[in-house]
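Here is the structure we will look at, set down as C-alpha cells.
The values are calculated or read from the model by the stated rules, or taken from the named source; none is laboratory data. Quantities reported herein were computed from a predicted structural model and do not represent experimental measurements. For neighbour counting, all protein chains shown are included, and Cβ atoms are generated from backbone atoms with ideal geometry for every residue, glycine included.
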Amino acid sequence: MGTPNGRDALVAAALVNADVYSAAGAFGAAQLSSVNIEALSTILFAKRRDALRLARWEHSPAILLQAIGDHASSDHMMQARLMRNQNSPMADEIVEQPEVLDRSLLGLVAQHTQAPKALLIKLAIEDQDVMLLKAIARNPASDADVLSMLVKRAPIQLASEIVANPAASSEMLEMLYEQGDVYIKSAVLGHKNLVASPGFMAQVQVDSGLITGKTALKSKQDQLFLRRQLAKFDLPTMLLKTLAQSEDSAVRTAVANNPAFVDVKLMISDAAPTVRRALAARADLSINQMQSLSVDKDVWVRVWLARNASIDRNTMLYLAQDEADEVRRGVARNRRCPLSLLEKFAVDDSAWVRSAVAYQANSNADLLVQLASDQDVDVLSGVAANSHTPKKIMRKLAGHADADVRRGVILNKAADRETLLPMLQDAYYLHRMLLVWNQQLTVDDKWSLHDDPDENVRFAVFKWFGDMFLKAEH
Amino acid sequence: MKILVAVKQVAALDEDFEIRADEKDVDEDFLLYDLNEWDDFSLEEAMRIKEESPDAEIEVIVVSVGPDRVDESLRKCLAKGADRAIRVWDDAVEGSDTVAIGKMLAAVVKKEAPDMVFAGVQSSDHSNASTGISMAAYLGMPHAAVVADLKYNPGANTATIRRELEGGILQEVEIACPAVLTIQLGINKPRYASLRGIKQAAAKPIEAWGLGDIGMSAADVGEGSAMSRVRRMYVPEKGRAQMIEGTIAQQAARIIEIIKEFKGA
C-alpha cells in the first residue's frame, strides 16, 4: 500500500491493517467523518479487552478516549480506567452533575489533571469527604481560586496538600505559615510562590530563634528546621554570617548554596563535606578558593569544582591530573575544557573519562574518529551522539551490536537520512518509534513502518500521519 | 544435536481487574499475554550455545503447552532464532496442574531426544517454579534449578553450572548430560528479534501436537487428574500498609520514626 495522501487514505490503510493500534493512531484523523469513525470503531470496540487496554494506555489520544467512554458508558471498570487516564477529556454531564458518579469515580475525577476549574470549585465547596478534598488540593489543575475555597473550609486538615501545590498563592502560604506546625512552616518557606515581605521575614527570624522574640518555637530542633529554609533567603549579611556559623551542617550547606551569601572564605574550610561541595559549585569563587578546594580530600568537592563553569585554567589543569576518574570526567565534561585537555583525556585509562570526551561539544572530528575505535559502549554511545562525528563513522555506528550506541545515532540531530535509513530495520522497537518523529526521514520512509510487527510503532506511524494531515488542513 | 527449550506464555495484569464469575481466575479481558521473562533467558542461552558452536549443527526447539494464542509467543522465539516450535494442546488439558504439564513436556522430550533441556526457573504469573523440575522427574534426568551460569560444550558428557543460593552464595556443580536446567534471570542478555527474523518467523510452521502425539490421553491431564486445583482466587483484605501523609519533611520524619521503632531505638 502506497503512502497515504490524506485522512481518508490513512483510515483506509488502518482498516487494511485491521489491528487495534493502527486504528487508534488513525482515530484522530478520522474526526469530521462519521463514516471513517464508524469504520475504525468496528476494529477498536469489537472486543472489550482491547477497549480496556486503550482506556488505560498513556498514548491514547483524547478523542479516542472520549469515544471509548461514549461506547462503554455503563461499564464501570472502563469508566474508572478512563478517569485514571490523564489524557481523558471530562464528559459534560460529569462537569454539570458530578453527583451522578459513585464515590470511587468521583475520587478519580478530583485528582484528574483535566478536571475543569468549575467542577473542582463545586466539589471544593460542597463535598464533605476529606480524602476527596485532599485529592483536589493535590491536583495540579487546582489553581489559586480552587485552593482558596479549600483553605476556607479546612485549612489545617488540608495544609500539607495545599502547601505542596505549585498554585498556592503567597497570601495563602503566609496564612498557612501562621496556623501550621513547623513542617508546614518549613514547606511554606520552600514554596516558590512565597513573596516574603519584610514583616513576614522578621516573623520567621523570630520563630527560628535567630532573633529574640515571643513567638520563637520552643524546640531547638524545630528552630533549626526553620533555619535550614531561612538560610536560602536573601537575608542581611549579618544574619547569613550567623547562620554560616550554625552548629547544624544542613543550615551551613543552605548558606553555602545561597548566592546572596558572599563571604565564602568563612566556610572554605568547613568540616562538613556537604558545605564544601556546595561552595565548589558556586560561580563567585576566587582563584585562591578554587585552589584550596582543588586539594580537598572529599572527591565530590573536587568533582563539583571540576564541573564548575567558572573554573580557572590552572585549577582545571591541576584537576585534570586528579587520581579519581570522576574528577577527571568532571573536567572533561566542563564546557570550558580546552581541546588540548580533551586530547589528553581521549587516551585516559578510564572509559568513564573517555566517554565524557566523546559526548563533549568541544571535541572535534579528529578526536571523535580516534574514539570511534574504542571498545567501550559508553564511549561509542558518546561518539554516536556527538554532532561533530563524521558521517562515515556515524553510519558505521548505526549498525553497532549495542542498542545504546545505535540510539546515540538516532538522537543525533546531525545524522542524515542516508545514515538513518538502514535503522528503519533496527531490531529494537523503540528505535523504530523514534524514527517516526525524525525530521530527516521522508514521509515515504516513515510509511514503510506502517505494518511494523510492533504495535507501538504502528500506532506512532498512524498518529504521526494523522496529525500531519490535520495540521495541513488547519 | 538438539537443545529443547520449554517456554510458557504468561499473563500479566494491570492494577485494576475483575475476577471471573467462578472466582477461579482473573477475567480474560484483563490479561495481557507475553512470553515468560525467564524463558527469554533460557532461549538466549540455547541460542548462545548454538551460535558459539556453528560446526555442531545445533537445532534449538521451543515447546509450549497451551491454546492457539500461544503461537504468538512461539513465533517470537522463532524470530529470535529458534529452529522449530511445537505447541501441545487439547481442550482436555484445560485445568491441568504443573505436574501434568511437566509430564506432557517430558513426553515431548522423550520423543525429540535432545542433548540438553532448558526451562525458566519459574513463570511470572503463577510462580510455581515446578514445571521444569517436574519434567525432569518424569524423565529421570539429572537436573539443576536456578542456574545463573553455564559452561557447556555441545556433545560433552558433562556441563559446569553455577546455581544461585540464599545469601548471594553461588554453588558450582558439574552435572551429567543430557540434563534439565531451570535458567535464572540475568544469565545472559536476551536479544531483540530482528525485523527480518520476525518476517521469516511468520512464514515458519508451528507444529501442533495433540495428546495422541505424545502418547497421552485426556485421562492423564485436566482438572480431574490434577493433584492440586484452584479453589478460589481473590484479592485479600488490605494489609498493614498505610499511606504516610503530610509534607515531604513530615513524611521523612515519620519514616525515620518507623525505622527507629523497628530497630527498637
statement: Looking across region B:181-227 at residues that are surrounded by fewer than 12 Cβ atoms within 10 Å (Cβ to Cβ) and under 21 Å from the mean Cα position of the chain (by Cα), the single one that is farthest from A:Asp402 (Cα to Cα) is B:Met227
query: Which one of these does B:Ile256 not meet: (1) more than 30 Å from A:Asp451 (Cα to Cα); (2) among the hydrophobic types (A, V, I, L, M, F, W, C); (3) in a loop (DSSP other than H, G, I, E, B); (4) within 13 Å of chain A (Cβ to nearest Cβ)?
result: (3)
task: Give just the number: which of (1) buried (at least 16 other Cβ atoms within 10 Å of the Cβ); (2) without any contact (Cβ under 8 Å) to a residue 40 or more places away in the chain; (3) within 14 Å of chain A (Cβ to nearest Cβ) does B:Ser73 not satisfy?
output: (2)
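Can you find a residue in region A:145-165 that is within 22 Å of A:Ser88 (Cβ to Cβ) and surrounded by fewer than 18 Cβ atoms within 10 Å (Cβ to Cβ)? Explain how you work it out, then say what you get.
Initial filter on region A:145-165 (within 22 Å of A:Ser88 (Cβ to Cβ)): A:146, A:165.
After this cut, where a residue has to be surrounded by fewer than 18 Cβ atoms within 10 Å (Cβ to Cβ) as well, the list is none.
Scanning region A:145-165 turns up no residue that is within 22 Å of A:Ser88 (Cβ to Cβ) and surrounded by fewer than 18 Cβ atoms within 10 Å (Cβ to Cβ).
Given the residues A:Ala12, A:Ala18, A:Ala62, which is the only one that is more than 15 Å from A:Arg458 (Cα to Cα) and surrounded by fewer than 17 Cβ atoms within 10 Å (Cβ to Cβ)?
Details: A:Ala12 fails: more than 15 Å from A:Arg458 (Cα to Cα); A:Ala18 fails: more than 15 Å from A:Arg458 (Cα to Cα).
Every option except A:Ala62 fails the conditions.
Kindly indicate whether B:Ser53 is over 30 Å from A:Leu105 (Cα atoms), away from every other protein chain (no Cβ under 14 Å) and out of contact with any Phe, Trp or Tyr (no Cβ under 8 Å at 6 or more places or on another chain). Full working, then the answer.
Values: over 30 Å from A:Leu105 (Cα atoms): yes; away from every other protein chain (no Cβ under 14 Å): yes; out of contact with any Phe, Trp or Tyr (no Cβ under 8 Å at 6 or more places or on another chain): yes.
So B:Ser53 passes the test.
If you check B:Gly212 against the conditions, is it modelled with pLDDT of 95 or more and either within 14 Å of chain A (Cβ to nearest Cβ) or part of a helix (DSSP H, G or I) (or both)?
Numbers: modelled with pLDDT of 95 or more: yes; either within 14 Å of chain A (Cβ to nearest Cβ) or part of a helix (DSSP H, G or I) (or both): yes.
Spelling it out, B:Gly212 is indeed modelled with pLDDT of 95 or more and either within 14 Å of chain A (Cβ to nearest Cβ) or part of a helix (DSSP H, G or I) (or both).
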field: helices (runs of 4 or more DSSP H) contained in region A:135-196 and holding at least 1 residues among the charged types (D, E, K, R) and under 16 Å from A:Thr113 (Cα atoms)
entry: A:144-153, A:159-164
query: Limited to region A:277-305, what total is found for residues that are within 22 Å of A:Lys232 (Cβ to Cβ) and over 28 Å from the mean Cα position of the chain (by Cα)?
result: 4
message: Between a residue in region A:257-270 that is surrounded by fewer than 18 Cβ atoms within 10 Å (Cβ to Cβ) and any residue that is in a loop (DSSP other than H, G, I, E, B) and not hydrophobic (A, V, I, L, M, F, W, C), which pairs come within a Cβ distance under 6 Å, given they are 6 or more apart or on different chains?
response: A:Ala260/A:Asp234
query: Any chance region B:223-235 includes a residue that's among the small types (Gly, Ala, Ser), within 14 Å of chain A (Cβ to nearest Cβ) and not in a loop (DSSP other than H, G, I, E, B)?
result: no
statement: Those residues of region B:18-48 which are within 14 Å of chain A (Cβ to nearest Cβ), surrounded by fewer than 20 Cβ atoms within 10 Å (Cβ to Cβ) and under 21 Å from B:Gly95 (Cβ atoms) amount to B:Glu18, B:Ile19, B:Arg20, B:Val26, B:Asp27, B:Glu28, B:Asp29, B:Leu31, B:Tyr33
Selection from region B:39-69 of residues that are part of a helix (DSSP H, G or I) and within 16 Å of the chain's Cα centre (by Cα): B:Asp39, B:Asp40, B:Phe41, B:Ser42, B:Leu43, B:Glu44, B:Glu45, B:Ala46
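So, in region A:412-442, of the ones that are hydroxyl-bearing (Ser, Thr, Tyr) and more than 14 Å from chain B (Cβ to nearest Cβ), which residue ends up surrounded by the most Cβ atoms within 10 Å (Cβ to Cβ)? Explain how you work it out, then say what you get.
Going residue by residue through region A:412-442, those that are hydroxyl-bearing (Ser, Thr, Tyr) are A:419, A:428-429, A:442.
Restricting the remaining residues to those that are more than 14 Å from chain B (Cβ to nearest Cβ) gives A:419, A:442.
Numbers: A:Thr419: 21, A:Thr442: 11.
The extreme case among them is A:Thr419.
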- request: List the number of the failed condition for A:Asp445; all other conditions in (1) buried (at least 18 other Cβ atoms within 10 Å of the Cβ); (2) part of a helix (DSSP H, G or I); (3) more than 12 Å from chain B (Cβ to nearest Cβ); (4) not aliphatic (A, V, I, L, M) hold.
  value: (1)
